[in-house]
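J.: Structure incoming, see below.
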Amino acid sequence: MKICIYGAGAIGGYMGVMLKRGGLDVSLVARGAHLEAIKAKGLTLVTKTETITEEMPASRDPRDLGRQDVVIIALKAHQAWEAAEELKPLLGPQTAVVTAQNGVPWWYFHGLEGPHADLRLRSVDPGDRQWNAIGPERVIGCTVYPATEITEPGVIKHIYGDQFGLGEPNRQESERLTRFADALTAGGMKPRLFSDIRDDIWLKLWGNLCFNPISALTHATLDIVATEPGTRALARNMMLEAQEIGETLGARFRVDVDRRIDGAAGVGAHRTSMLQDLDKGRPLEIDALLTAVQEMGRLVKLHTPYIDAVLGLVQQMGRAKGVYPTFPEQSSVVDDRQLVAS
């Protein structure tokens, strides 16, 4: 099986090394000093018990790598939108595309029946760029649970976790899904297959949509956000709004809201990814975590006052600091956004 990791950063690089060690034919798309280090001396993964270095073909240009059986997109949502057209040289007639990202995916309504079938979310795929360039029929949904970081170019540190949620958007079992799960297992990772991957997407999103922006706005670590009465109450109200939206659209939440918050508190003094990005001046992943949930709430005619307030604050903070990327096709007025049917 030929697998290309598009975005061999912290998570993508971790997956690449583990898959390569499991005997898969792996190539990487990366850039900058990280790419140069990989080309010069391989990609190194540092775990708590060992250091692994694997040499793999790596390039900035996907045309150098050819058609693949599986492409894993390990970019943040706004980066994936920007790169959609660049993926095309990697895609053959049967290539599967694994979206290993946080937040609401652009393909969310593909494979569903009823009035919302194949609706497109402008907040995460304005202009239908990914829908048209990749095609939702290629997608395998993926939720990512490991924590990793790039410590220097060509070197990734694994902090914790080895689990990935997987599922077909159409809720069907498939040979390609089983083969990819087997590939992850061969590499020492732990895939969990879901009859509806959207349930796991919501569970992961449930925490990200509140803990990330609240921590970025307050500069508080996860344990404080989840236990300080004011921020805990705010997070809880945001999560209840999101739960109502998710359940109205058919999702199931397998834990209750207080257990989910307590679980986050138990992680300890963790700096969320949005807070880390803010501190480093990197673009903030706001739309996939928050704006899309607001958009979905409007679709099902549910009010989201807590989500709206936090979204407005974090968007303005991002604009003021120059770290909130906006899509050219997006309306600057969120109320004007509409879902477009295929």
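J.: Quick one: net charge of Glu55's neighbours, Cβ under 10 Å, K/R +1, D/E -1?
T.: Combined, the nearby Lys, Arg, Asp and Glu give +2.
J.: Using a 10 Å cut-off on Cβ atoms, rank the peptides 226-234, 71-79 from the highest mean neighbour count down.
T.: Result, highest mean Cβ count within 10 Å first: 71-79, 226-234.
J.: Would you indicate which of (i) 0.95; (ii) 1.26; (iii) 1.00 is the value of Cα Rg over 2.2 N^0.38 Å derived from the coordinates of this structure?
T.: Looking at Cα Rg over 2.2 N^0.38 Å for this model, the match is (i).
J.: Return Lys48, Lys321 ranked ascending by Cβ neighbour count within 10 Å, so the fewest neighbours appear first.
T.: Lys48, Lys321
J.: Can you give the net charge of the other residues whose Cβ lies under 13 Å from the Cβ of Arg171, counting K and R as +1 and D and E as -1?
T.: With Lys, Arg at +1 and Asp, Glu at -1, the net is -4.
J.: Continuing with this model, one more query. Provide the FRET efficiency to the nearest 0.05 for the Lys301-Thr49 pair, computing r from the beta carbons and using R0 = 51 Å.
T.: According to the calculation, E is roughly 0.50.
J.: Return one number: the angle in degrees, 0 to 90 and rounded to the nearest 10, between the long axis of the Cα atoms of helix 197-218 and the longest principal axis of the Cα atoms of the chain.
T.: Taking Cα atoms only, the helix is inclined about 70 degrees.
J.: Taking the simple approach of a point 7 Å from Cα along Cα-to-Cβ for both Tyr145 and Leu193, what is their distance in nm?
T.: 1.7 nm
J.: Tell me, what is the percent relative contact order of the chain, built from C-alpha pairs under 8 Å that lie six or more residues apart?
T.: Contact order relative to length: 16 percent.
J.: With an 8 Å cut-off on Cα pairs and a minimum separation of 6 or more residues, tell me the relative contact order of segment 82-219 in percent.
T.: Reported relative contact order: 23 percent.
J.: Report the label-to-label distance for Gln316 and Gln94 in nanometres (one decimal), using points 7 Å from each Cα along the Cα→Cβ vector.
T.: Roughly 5.4 nm, to one decimal.
J.: With θ set to phi - 60°, apply the Karplus curve 6.51 cos²θ - 1.76 cosθ + 1.60 along segment 296-307 and write out the HN-Hα couplings as whole Hz, x wherever there is a Gly or Pro.
T.: The phi angles translate into 5, x, 5, 4, 9, 6, 10, 7, 10, x, 6, 4 Hz.
J.: I'd like to compare 264-276, 140-152: which one has the highest average count of other Cβ atoms within 10 Å, and what's the full order after that?
T.: Result, highest mean Cβ count within 10 Å first: 140-152, 264-276.
J.: Cut-off under 24 Å on the C-alpha distance; same-chain residues fewer than 8 positions from Lys48 excluded. Which lysines are left, in chain and number order?
T.: Result set, ordered by chain and number: Lys20, Lys157, Lys190.
J.: Excluding Leu205 itself, what net charge comes from residues whose Cβ is under 13 Å from its Cβ, given Lys and Arg +1 and Asp and Glu -1?
T.: -2
J.: By how many nm would the segment from Arg254 to Asn132 grow when fully extended, if each residue of separation counts as 0.36 nm and the alpha-carbon distance is taken off?
T.: 40.6 nm
J.: Turning to a different aspect of this structure: Quick one: angle between helix 229-248 and the longest Cα principal axis of the chain, in degrees between 0 and 90, rounded to 10, please.
T.: 80 degrees
Values quoted throughout were computed directly from the atomic coordinates according to the rules given, and no laboratory measurement underlies them. These figures come from a predicted structure and were not determined experimentally. Counting neighbours? That spans all protein chains shown, and the Cβs are built from the backbone with ideal geometry, glycine included.
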